[in-house]
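J.: Pasting a structure below so you can have a look.
No value in this document is a laboratory result; all are computed from the given coordinates. Keep in mind the model is a prediction, meaning the values are calculated, not measured. Reconstructed Cβ throughout: ideal geometry from the backbone, glycine too, with neighbour counts over all protein chains shown.
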Amino acid sequence: MSYKSHSHAQWSSRMAFVLAAVGSSVGLGNIWKFPYMTGESGGGAFVLIYLVCIFLVGLPMLMSEWLLGRLGQKNPISTMGDITRRLKRSRAWVLIGVAGVLGAYLILSFYSVIGGWALAYIQMAVVDTFSGLDNDSVGTLFGNLLASPVELLLWHSLFMLMTIGVVVGGVAGGLERAAKTLMPTLAVLLVVLVGYAATTGAFAEGAAYLFTPDFSKLTSDGVLAALGHAFFTLSLGMGIMMAYGSYLSDDVNIGRSALIVVVMDTVIALLAGLAIFPVVFANGLDAAAGPGLIFQTLPLAFGNMAGGWLFGLLFFVLLVFAAWTSAISLLEPVVEWLEERSPLSRVGATIVAGLATWALGLATVLSFNIWGDVAPLGMFDKFAGMTIFDLLDYVTSKLLLPLTGLATVLFVGWFMGRDELRTQLNMGETAFALWRLAVRFIAPIGVVIVFVNSL
Ligand code: PHE
Ligand code: NA
C-alpha cells in the first residue's frame with residue numbers, strides 16, 4: 001500500500017494482491033464483531049443470513065469494486081470521475097467515492113478504540129492477569145478498562161500512532177509480508193482455541209447455537225445487521241477495494257481471487273464463533289453481552305487451559321496485527337483524498353487525517369464511561385439508548401456501507417456495457433451470467449428489501 005511512492009506500481013504478484021486484500025478484510029470484524037453480533041441477534045438464523053449476504057451480495061460486490069478500480073487506475077473518486085465521463089454517465093456516481101472516504105473516517109475512529117482494547121489485553125496477558133479468572137473477575141477486568149477514560153485514551157492513542165506510523169513511513173509493504181506468516185498463525189491459533197472449546201463440555205451447544213437456525217429469533221434489524229456486517233467484514237462500500245483494484249494487473253483473475261478472500265474471511269469469522277460460544281455456554285456467560293463478548297470469554301479460556309499464558313499473549317498480539325492491517329487500509333483513502341484536495345504533502349496529510357480520526361475517537365472512548373448515558377438521537381425511538389459509539393457503528397454499517405454498495409452494483413449492473421465487463425472478468429459463461437444476475441437483480445433488490453423492512 002505504499003503505492004503512492006512509485007508512480008503507479010502494480011502488485012508484484014497475484015499473491016501480494018490477495019494478501020493485501022486479506023489484510024484489509026480480516027480484522028476486528030471477524031474476531032470481535034461477528035461473534036458479538038451473532039450473540040445479540042440470536043445465533044444460527046443470523047449466521048445463515050450473514051452467509052447468504054456474503055455470497056450473494058458481498059462476493060459479486062467485491063468483484064465489482066476490483067473491476068472498477070482496474071478500469072479507472074486511480075483513487076476511487078477520480079476512478080468514478082473517469083469512468084462516468086468516458087461512458088457519458090451522470091457525475092453523481094462520484095458520490096460513491098466521497099461516501100467511501102467519509103465511511104472510512106468514521107469507522108477508523110471507533111475501530112482504533114477497539115484495537116486499543118486488544119492492546120490493553122496484550123499488556124494484561126504479559127503480566128499473567130488471566131490465570132485463575134472466574135466469571136465475575138473477567139467481567140470486572142473488562143469493566144474496569146472501560147470505566148477508565150484515561151486508560152482507553154492511552155491505548156487508542158497508541159493504536160492510532162501505530163497506524164499513522166505505517167502510513168507515513170510507507171512501510172505497509174513490509175507489514176504485508178509479515179502478514180503472510182502472521183495470518184496463517186492466527187488461523188492456527190483459532191483452531192487451538194476451538195480445540196480448547198471442545199473440552200469445555202459445551203461444544204455441541206455452542207456449535208448448535210451457531211449452525212441451527214431458529215428464525216423466531218431473527219428480527220428485521222438482525223437481517224440489516226447481517227447485511228451491513230457483510231460489507232464491513234469484506235471492507236466493501238468504502239472504495240478501499242476499488243483502490244486496491246487500481247493496482248491490479250490485467251492477467252489476474254478477479255473472480256477466483258475474490259473467492260479466496262471471501263472464503264478466508266468467512267472461515268476466520270466462523271472459527272472465532274466456534275471458539276467463543278462453547279466457552280460462553282460452559283461458563284454460563286451471556287451470549288448477548290455485546291462488544292465486550294470476546295474480551296470476557298477468551299481470557300476465561302486462557303486462564304483455564306494448559307499453556308494459557310502463552311496462547312493468550314499470542315492471541316492478542318495476532319488480533320492487534322489483524323486489526324492494524326485493517327486500520328491502515330482505512331486510513332489510506334482519507335489520506336489520499338486529503339493529499340489530492342489540499343496543499344498538504346503525503347506526510348502532512350497522514351498526520352492531519354490521523355489526528356482528525358484520533359480526535360473523533362475520543363467520542364467513542366467517552367461513550368463507554370462518562371458519556372455512557374448520552375444518547376444524541378435519543379428523541380427518536382429507533383435510536384433510544386444508543387451512545388455515540390452505537391450511532392457511529394449504526395450509521396456506517398447499516399446506512400453508509402449498504403447504500404454505497406447499492407450504488408456501486410447499480411452502476412456496474414445497469415450503466416456499464418456487458419462486453420466491457422465480460423472482458424474484465426474473463427470467466428466462464430455460466431459464472432459470468434450468475435455474477436451479472438447477482439449484480440443487476442439479487443444484490444440491489446436484496447439491499448432495498450432489507451432497508452424498507454427495517455425502517
Ligand atoms: N474488514 C475489516 C474487518 O473485518 C474492517 C474494515 C472495514 C477494514 C472497512 C477496512 C474497511 O475488521
Ligand atoms: Na473481515
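J.: Relative to the present Cα-Cα distance, how much length would full extension add between E340 and R177 at 0.36 nm per residue of separation?
T.: Numbers: separation 163, 0.36 × 163 = 58.68 nm, distance 2.80 nm.
Residue separation times 0.36 nm, minus the Cα-Cα distance, leaves 55.9 nm.
J.: Sticking with this structure for a sec: With respect to the cross-link table entries K74/K398; K33/K398; K33/K382; K88/K398, which display a Cα-Cα separation exceeding 25 Å? Present the calculation step by step, with values, prior to reporting the outcome.
T.: Numbers: K74/K398 27 Å; K33/K398 14 Å; K33/K382 21 Å; K88/K398 31 Å.
Violating the 25 Å limit, Cα to Cα: K74/K398; K88/K398.
J.: Angle, helix 172-198 long axis vs. longest principal axis of the chain, Cα atoms, 0 to 90°, nearest 10?
T.: 40
J.: Sorted by mean Cβ packing within 10 Å, highest first, what order do the peptides 57-65, 266-274 take?
T.: Working: 57-65: 27.3, 266-274: 21.9.
Averaged packing, sorted descending, gives the order 57-65, 266-274.
J.: Relative contact order of the chain, please, whole-number percent, based on alpha carbon pairs below 8 angstrom and at least 6 residues apart.
T.: For the chain, the relative contact order is 34 percent.
J.: Helix-only mean residue ellipticity at 222 nm, the chain, DSSP H runs n ≥ 4 weighted -39,500 (n - 2.57), per residue, nearest 500. What is it? Don't skip to the answer; put the middle values down first.
T.: Working: 21 runs with 322 residues, N = 455.
Calculated mean residue ellipticity at 222 nm is -23500 deg cm²/dmol.
J.: List the trypsin sites (Lys or Arg not before Pro) within the stretch 69-170 that fall in a DSSP loop (any state other than H, G, I, E or B) and whose Cβ has at most 16 other Cβ atoms within 10 Å. List each step's numbers first, then the result.
T.: Numbers: sites: R70, K74, R85, R86, K88, R89, R91; in loops: K74, K88, R89.
Counting only loop positions with at most 16 other Cβ atoms within 10 Å, the trypsin sites (Lys or Arg not before Pro) in the stretch 69-170 are K88, R89.
J.: Once you have the Cα-Cα distance between A187 and V452, take 0.36 nm times their residue separation minus that, and quote the gain in nm to one decimal.
T.: Details: separation 265, 0.36 × 265 = 95.40 nm, distance 3.75 nm.
Gain in length upon complete extension: 91.7 nm.
J.: Next up: Grab the Cα-Cα distance for A198 and A433, subtract it from 0.36 nm times how many residues apart they are, and report the gain in nm with one decimal. Don't skip to the end; give the middle numbers.
T.: Working: separation 235, 0.36 × 235 = 84.60 nm, distance 4.23 nm.
Here the segment from A198 to A433 would lengthen by 80.4 nm.
J.: Roughly how big is the stretch 14-454's charge dipole about its Cα centre, with Cβ charges of +1 (Lys, Arg) and -1 (Asp, Glu), in debye to the nearest 20?
T.: Details: 21 positive and 26 negative charges, 311 e Å.
It comes to approximately 1500 debye.
J.: Then there's this: Output the 0 to 90 degree angle, nearest 10, between the alpha-carbon long axis of helix 254-282 and the longest principal axis computed from the alpha carbons of the chain.
T.: With both axes taken from Cα atoms, the answer is about 10 degrees.
J.: Where does helix 135-147 land angle-wise versus the long Cα axis of the chain, in degrees 0 to 90, nearest 10?
T.: On a 0 to 90 degree scale, this one is about 50.
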